Amino acid sequence: MKKTTGAVVGLFASGPLLLAVPILAIGAGTASASCSTGDAQPVDTAAVASQVKAILDGGDKGAVSVPGLDDPADQVPNAKTIQATGVAMNIPPRGQVVALATALQESGLRNLTYGDRDSLGLFQQRPSQGWGTANEILDPVHSSTKFYEGLQKVSGWQSLSVTQAAQAVQRSGFPEAYAKWEPLATALQKAIEPLLSKTGGASPSPSPSGSAGTGTAPTTAGGCTTGGDGTDFGTIPAGAVPAGYKIPAGAPPKVQTAIRWALGQLDTAYQWGGSCTNSHGPDPMGRCDCSSLMQQAYKAAGVTLTRTTYTQVKEGKAASADALKPGDLVFTEGTADVPGHVGMFIGQGLIVHAPRTGDVVRIATRASWKSQILAVRRVV
């Protein structure tokens, strides 16, 4: 369960924000044989491009009709590419809206070959500022990838307004200009989402080094059952269990039950303050927030947990973030004493959690959480 605060500090850097993160590809069924435990690697933009093509080619070809666009024939394909790139990089819908609003402001969703000084493309990125060569920036997938990299660099961007998040990446001379595009960007995101393939055509899963996965699932012999950082699974579509994942057989029976129950809530809508007692039902308050998902998962296993992140962080005993075991509660956001978010480590470098309003219960990688972990509690 999260509590939003009004203060946002320390978000702006002195230049364009470029982040090195592992590429999380859509081909969840082609997990690599080896487990990676190293630091984040640069995104392989060629691999992202391959996934974006698969997502677009495998999706519905239906038309997108959203009032407010002045040249849909030009703008909609660019919007689809921006959004498909977000899907390929496991960026949640909120981040896709930020990207669309930014492109609407910067270029009108047109891939411009001109701009202020050396600015180019959908996001008006500048070669002289490190966004890539002119040709790269004019590639919509490359420019979208670089925007999302910058967004992921912004601490707590999910809690920011669209304007704050966009400005933190773009550092525009007109920081309030993005706000007016949020309604149109939101409408576009919702209209395009059903048209995109959720599997990306099961195309090969690109690794951080750019080599494709072998199609071999992690194995106990390889040490991946409870370790690793999850990146070898590629991008994990919202609400999906990646091919090759198995509930750890060596975990205590109660932990196995809790994990199985939590996975049963995948793809159900997040509801702040929701009880998680009927996440598949019509009543929003029966759906899950982060802490109620933990509470009800363990309740199914016969283990009683308190209701909020603030109290759950005191349950059980402390454990190390570098030695997670299946069933561990992993806390992020806020402080170690008063954390704002919680998920459950389920082995093989993966964490199940209920992220935020507008998202669904989903699986994330340990790698994507590693730098944010504030506390770990072992309740079984």
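The values are calculated or read from the model by the stated rules, or taken from the named source; none is laboratory data. Only a predicted model underlies this, so the values are computations on that prediction, with no experimental measurement involved. FYI the Cβ positions are ideal-geometry reconstructions off the backbone, even for glycines, and counts take in every protein chain you see. For the accessible areas, the whole protein counts, side chains as well, though only heavy atoms, and no ligand, DNA or RNA atoms are used. Shrake-Rupley method; radii C 1.70, N 1.55, O 1.52, S 1.80 Å.
Checking every one of the chymotrypsin sites (Phe, Trp or Tyr not before Pro) in region 78-145 against DSSP loop status and a limit of 15 other Cβ atoms within 10 Å picks out Tyr114.
Can you list which of the trypsin sites (Lys or Arg not before Pro) found in region 70-143 are DSSP loop residues with at most 14 other C-beta atoms within 10 Å? Write down the numbers at each step before the final one.
On the way: sites: Lys80, Arg94, Arg110, Arg117; in loops: Arg110, Arg117.
Sparse-neighbourhood loop trypsin sites (Lys or Arg not before Pro): Arg117.
The modelled label-to-label distance for the pair Asp118/Arg307, using points 7 Å beyond Cα in the direction of Cβ, is 5.7 nm. Hey, with R₀ at 51 Å, roughly what FRET efficiency would Ala134 and Asp322 work out to, going by the Cβ-Cβ distance, to 0.05? My answer for the efficiency is 0.75. A 1.4 Å probe run over the protein chains yields, for region 268-333, 42 Å² of accessible area per residue, whole-number rounding.
Within the set of other residues whose C-beta is less than 13 Å from the C-beta of Asp337, count the net charge using Lys and Arg as +1 and Asp and Glu as -1. Before the final figure, lay out the partial values.
Numbers: positive: Lys314, Arg377; negative: Glu333.
My count for the surroundings of Asp337 gives +1.
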